[in-house]
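Trainee: I am attaching a structure below and will ask some questions about it afterwards.
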């Protein structure tokens, strides 16, 4: 009888845990709460696409002048102007990247986005962006991981 009870408890625990598992929400599946969140998510989608499509022009178009871009395992910070020099190589070495489970906080014209990053080397790494609304456009000020 004890074995049967234990087996039932384990089965119920397994059902509970598997039903509680969180499925990643891709950027495209994210449901923005308002137009500002929609605009911010479109910038992060553009960041993802700039690497996935090896599109330097797109990457530079979403970065604010004076942006601080973190790069590499040493987490070195580059300005937008400095990053341009390594951008072609960096985009190619990154391969396909994907962000999921974004969380957005907006405080007037500054927004932070935290998401999970998946790439060819790292999966599920916490990744953050800081954006600023300049005119009517959100641009990336910095990234960190």
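The values are calculated or read from the model by the stated rules, or taken from the named source; none is laboratory data. Note that the structure is predicted; figures quoted are calculated from it, not measured. Cβ coordinates were reconstructed from backbone atoms using ideal geometry, including for glycine residues, and neighbour counts include every protein chain displayed.
Trainee: Please specify each residue of region 77-89 satisfying the condition of being touching a helix residue (DSSP H, G or I) at 6+ places or on another chain (Cβ under 8 Å) and in a strand (DSSP E or B).
Mentor: Applying the first criterion (touching a helix residue (DSSP H, G or I) at 6+ places or on another chain (Cβ under 8 Å)) to region 77-89 yields 78, 80, 83-84, 87-88.
Within region 77-89, just 78 meets the criteria.
Trainee: Looking at residue 22, is it touching a helix residue (DSSP H, G or I) at 6+ places or on another chain (Cβ under 6 Å), part of a loop (DSSP other than H, G, I, E, B) and at pLDDT below 90? Explain how you work it out, then say what you get.
Mentor: Numbers: touching a helix residue (DSSP H, G or I) at 6+ places or on another chain (Cβ under 6 Å): no; part of a loop (DSSP other than H, G, I, E, B): yes; at pLDDT below 90: yes.
The answer is no for residue 22.
Trainee: Within region 117-142, work out how many residues are touching a residue at least 12 places away in the same chain (Cβ under 8 Å), loosely packed, with under 12 Cβ neighbours inside 10 Å and touching a strand residue (DSSP E or B) at 6+ places or on another chain (Cβ under 8 Å).
Mentor: 1
Trainee: Name the single residue that is modelled with the lowest pLDDT among those in region 59-76 being outside any loop (DSSP other than H, G, I, E, B) and surrounded by 15 or more Cβ atoms within 10 Å (Cβ to Cβ).
Mentor: 71
Trainee: When residues of region 95-113 are filtered for being within 16 Å of the chain's Cα centre (by Cα) and either within 15 Å of residue 127 (Cα to Cα) or exposed (fewer than 11 other Cβ atoms within 10 Å of the Cβ) (or both), how many remain?
Mentor: 12
Trainee: Continuing with the same structure: Residues of region 32-79 being in contact (Cβ under 8 Å) with a residue 40 or more places away in the chain and under 14 Å from residue 91 (Cβ atoms), which ones?
Mentor: If the condition is that a residue be in contact (Cβ under 8 Å) with a residue 40 or more places away in the chain and under 14 Å from residue 91 (Cβ atoms), then 47, 48, 50, 51, 52, 62, 63, 69 are the ones that fit.
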